[in-house]
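The values are calculated or read from the model by the stated rules, or taken from the named source; none is laboratory data. Since this is a predicted model, take the numbers as computed values, not measurements. Methodologically, a virtual Cβ is constructed for each residue, glycine included, from the backbone with ideal geometry; neighbour enumeration extends over all protein chains shown. Surface areas here come from the heavy atoms of the whole protein model, side chains and all, with no ligands, DNA or RNA. Shrake-Rupley method; radii C 1.70, N 1.55, O 1.52, S 1.80 Å.
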Amino acid sequence: QVQLVESGGGLVQAGGSLRLSCAASGSTFRFNDMGWYRQAPGKQRELVASISSGGGSTNYADSVKGRFTISRDNAKRTVYLQMNSLKPEDTAVYYCNRADSRWNWGQGTQVTVSS
């Protein structure tokens, strides 16, 4: 079973930037479409960005389009989320997973955006 380890979260002021990383174990990473998800307190987990296995296709939730960029490095088995122009409503625990979320969830990384 693939293990996912997210990192890079923190406390940032509105308008700031963060870059999240997610390292995956195992050799199957490069064959899978990947996604970044987030879960805010009292809300359901939502998919905010996804990327195809080769990195050539990306999709974003309307709420983050134009501000977030997903990328991946298959040689490093890592997927990234560059988050710019952060807003307080981006505050959440961020997770990565397959785009169909069928792997076990990691511990996530907390992102807190202050106003």
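Taking Lys43 as the anchor, which aspartates and glutamates have their alpha carbon closer than 15 Å to its alpha carbon, excluding any fewer than eight residues away along the same chain? Counting by Cα, and skipping residues close in sequence, Lys43 has these aspartates and glutamates nearby: Glu89, Asp90.
Every Cα-Cα pair in the chain was counted, and those over 21 Å apart are 28% of them. Annotation: per residue accessible area for the chain equals 52 Å², rounded to a whole number [probe 1.4 Å, protein chains only]. For the chain, the longest piece that avoids every one of the trypsin sites (Lys or Arg not before Pro) found in DSSP loops with at most 11 other C-beta atoms within 10 Å covers 1-42. The alpha carbon centroids of segment 84-115 and segment 40-67 are separated by 10 Å.
Ligands, DNA and RNA left out, the 1.4 Å accessible surface of the chain is 44% carbon and sulfur atoms.
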